[in-house]
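What follows is a single structure, written as structure tokens, with notes after it.
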Amino acid sequence: MIPANNSVYLERKLAYVVFRISLGINVLMHGAGRIFGPGVEAFASKTASLFAGTPLPPGLVHAFLMVLPFAEFILGFLIVTGLFTRWVLTLGSLLITTLILGTALRSDWPTVGIQMIYSITYYFLLLHRADNGCSLDALFGRKRV
């Protein structure tokens, strides 16, 4: 059912899809740049060295960083297409929470601030998922559960 003010309804849908796709491209390109750029091992090794002074076990940090680019690539693709939106945004939220924890353990507060913007973006997209009209979920008639 389309609300009485069709223009506002369509603008909300348009705003949501543009915002969702923007986040998706951002996350997708993070993963793609790390996978197809210098390579996952180079990224993981370089980034793991930043965690040397934290209580995190080096093996766990390295393993996480080896998986991160692939997780970003897959999540980004699914966010762009709007497939499994609820679950993908939830997983993305948990991923950014994990990144915030690691970055906070390094006391890199400017980066935590940037990561909080991602956290707010995931929150907004989850909160307004009813506006997710231009997506594969909508195309396939998936319920808003």
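Laboratory data are not the source of any read-out in this text; all were calculated from the coordinates shown. Please read all numbers here as calculations on a predicted model, not as lab measurements. When we count neighbours, we look across all protein chains shown, and the Cβ atoms used for this are built from the backbone with ideal geometry, even at glycine.
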Residue farthest toward the positive end of the dipole of the chain, with Cβ of Lys/Arg at +1 and Asp/Glu at -1: which of Leu105, Thr47, Ser119? Ser119
Apply the membrane-span-like helix rule to the chain: whole DSSP H runs, Cα extent along the own long axis of at least 24 Å, mean Kyte-Doolittle hydropathy at least -1.0. List the helices found. 6-36, 58-81, 85-105, 109-127
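What number results when the radius of gyration of region 84-145, computed over Cα atoms, is divided by 2.2 N^0.38 Å?
Values: Rg = 14.2 Å, N = 62, 2.2 N^0.38 = 10.6 Å.
Cα-based Rg divided by the globular estimate yields 1.34.
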